[in-house]
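Single-structure report; data block below.
Just so it is clear, none of the values below were taken in a lab; they were calculated from the coordinates. Not measured: the values here are computed from a predicted model. Here the Cβ positions follow ideal geometry from the backbone for every residue, glycine too, while neighbour counts run over all protein chains shown.
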Amino acid sequence: MPSIGFTGTRNGMDDHQKEVLTRLLDDFMDGDSVWEFHHGGCIGADLEAHHIADAAGFQTHVHLCDIKSMQGIKEGDRVYQEKPPLERNQIIVKSCEMLIVAPRTNTEEIRSGTWATYRYAVREGIPTLVLWKKRL
């Protein structure tokens, strides 16, 4: 089953990022295939992306973080056992054929789980697509 992974900021996506993600996921669903959408279930962008993917018809796969205060959604078509954030993020990358990234900034940050997941995907040879914030 084809699968897309997602990682994003706890601060949530801006309207531009949400619009681009909605269009992308709608385009992927133009066919008979059932697609999986893997994400970390955290507050912010993960929660927003979950709802967008669900509305587009994806099977949602939630890889929970073991930090309770970070959990934004615990429901999906499949919910996985809680794991520490870095381990969970690597599992998401290994579960997908492409990773969509919705960062907080348009500049790569060193101490950011979103950017660390992006870098891991690049090292693993997983295609990535960054949803940049709209510049004013």
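One table, with the values for the structure above:
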item: Residue check for MET1: part of a loop (DSSP other than H, G, I, E, B), among the aliphatic types (A, V, I, L, M) and either under 18 Å from LEU129 (Cβ atoms) or free of Cβ contacts under 8 Å to residues at least 24 places away in the same chain (or both); result: no
item: Where HIS39 falls short, out of the listed (1) more than 18 Å from TYR118 (Cβ to Cβ); (2) surrounded by 19 or more Cβ atoms within 10 Å (Cβ to Cβ); result: (1)
item: Complete set of residues in segment 4-32 that are assigned to a loop (DSSP other than H, G, I, E, B) and in contact (Cβ under 8 Å) with a residue 12 or more places away in the chain; result: THR9, ARG10, ASN11, GLY12, MET13, ASP14, MET29
item: Members of segment 44-58 found to be within 13 Å of the chain's Cα centre (by Cα) and not in a helix (DSSP H, G or I), listed by number; result: GLY44, PHE58
item: Residues satisfying the stated conditions in segment 93-128, i.e. closer than 17 Å to MET13 by Cβ, β-branched (Val, Ile, Thr) and not in a helix (DSSP H, G or I); result: ILE100, VAL101, THR105, THR107, THR128
